[in-house]
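Everything below concerns the one structure shown next.
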Amino acid sequence: MDKFRRFIKKRYSDILFGILILLLIIPRTRVYFLRIMSFAPGVEATGERRNAGDFHWNLKGLNTADYSFEQARGRVVLVNFWATWCMPCVAEMPSLQALYDDYGDKVDFILVTTDSEEKTLKFLKENGYTLPVYHAINSAPDAFDTRTIPRTFLLDKKGDIVIDAGRADWNTRKVRKLLDDLLTE
């Protein structure tokens, strides 16, 4: 028994590291760890904000009506590029849903995926998500440079990109205050 205790004491950090790796391999626990390791996104400095520019972007609604990005002019808009197979995307989805539940009537939420309609609708239904999801009909504006996902852009009423972020916790006081401020501008 004494040898066992010494072994455990000596290898304690190795054992913890092994357990952590094992938990990260299991998909459900991996999503949980990604959620707890998410932080509020950073806000672009006022002088460094770029404009979305081209509003000639058309989207086919998968669980909602089709959308022309022209409708976004003069509105606060959140654009999120994601996929059902992307663990960081899946991890941030509950925070986006919570934000949508409270701001869906004031902010245009545009979640864009390349997954099949069938796979996407099944994912939304299984998880109880009601966020509006789209397929892009034509190319997104150049300002939405999306080499990686998830990628989220928050635009103010002038079309300036206020937030350009990867995986984040969107349901924070910081983001909610920012949305409230953008809505009153």
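State all residues of the stretch 45-66 that are among the hydroxyl-bearing types (Ser, Thr, Tyr) and either in a loop (DSSP other than H, G, I, E, B) or under 22 Å from Lys119 (Cβ atoms) (or both); if no residue qualifies, say none.
Thr64
Would you pick out the residues in the stretch 99-130 that are within 12 Å of the chain's Cα centre (by Cα) and either of a type in the set (D, E, K, R) or over 16 Å from Leu154 (Cα atoms) (or both)?
Listed by number, the list holds a single entry, Thr113.
Considering only residues that are more than 13 Å from the chain's Cα centre (by Cα), β-branched (Val, Ile, Thr) and surrounded by 17 or more Cβ atoms within 10 Å (Cβ to Cβ), which ones fall in the stretch 173-185?
none
If Ser68 meets every condition in (1) surrounded by fewer than 19 Cβ atoms within 10 Å (Cβ to Cβ); (2) touching a residue at least 40 places away in the same chain (Cβ under 8 Å); (3) not charged (D, E, K, R) apart from one, which number is that one?
(2)
Would you confirm whether any residue within the stretch 141-155 is surrounded by 14 or more Cβ atoms within 10 Å (Cβ to Cβ), among the polar types (S, T, N, Q) and out of contact with any strand residue (DSSP E or B) (no Cβ under 8 Å at 6 or more places or on another chain)?
no
Pick out, from the stretch 102-182, the strands (runs of 3 or more DSSP E) lying fully within it that include 1 or more residues that are touching a residue at least 60 places away in the same chain (Cβ under 8 Å) and either in contact with a Ser or Thr (Cβ under 9 Å, 6 or more places away or on another chain) or not charged (D, E, K, R) (or both).
133-136, 151-155, 161-165
Is it true that some residue in the stretch 5-27 is at pLDDT below 70, surrounded by fewer than 19 Cβ atoms within 10 Å (Cβ to Cβ), touching a strand residue (DSSP E or B) at 6+ places or on another chain (Cβ under 8 Å) and part of a loop (DSSP other than H, G, I, E, B)?
Checked against the condition, which is being at pLDDT below 70, surrounded by fewer than 19 Cβ atoms within 10 Å (Cβ to Cβ), touching a strand residue (DSSP E or B) at 6+ places or on another chain (Cβ under 8 Å) and part of a loop (DSSP other than H, G, I, E, B), the stretch 5-27 yields no hits at all.
Check the stretch 67-87 and report whether any residue there is under 15 Å from Ala168 (Cβ atoms), assigned by TED's automatic domain parsing to the domain that holds Asn171, part of a loop (DSSP other than H, G, I, E, B) and at pLDDT below 95.
yes
Arg176: closer than 24 Å to Arg73 by Cα and at pLDDT 95 or above, yes or no?
For Arg176, the condition - closer than 24 Å to Arg73 by Cα and at pLDDT 95 or above - is met.
The values are calculated or read from the model by the stated rules, or taken from the named source; none is laboratory data. Just so we're clear, the structure is a prediction, and the values are computed from it rather than from any experiment. Positions of Cβ are backbone-derived with ideal geometry, glycine not excepted, and every protein chain shown enters the neighbour counts.
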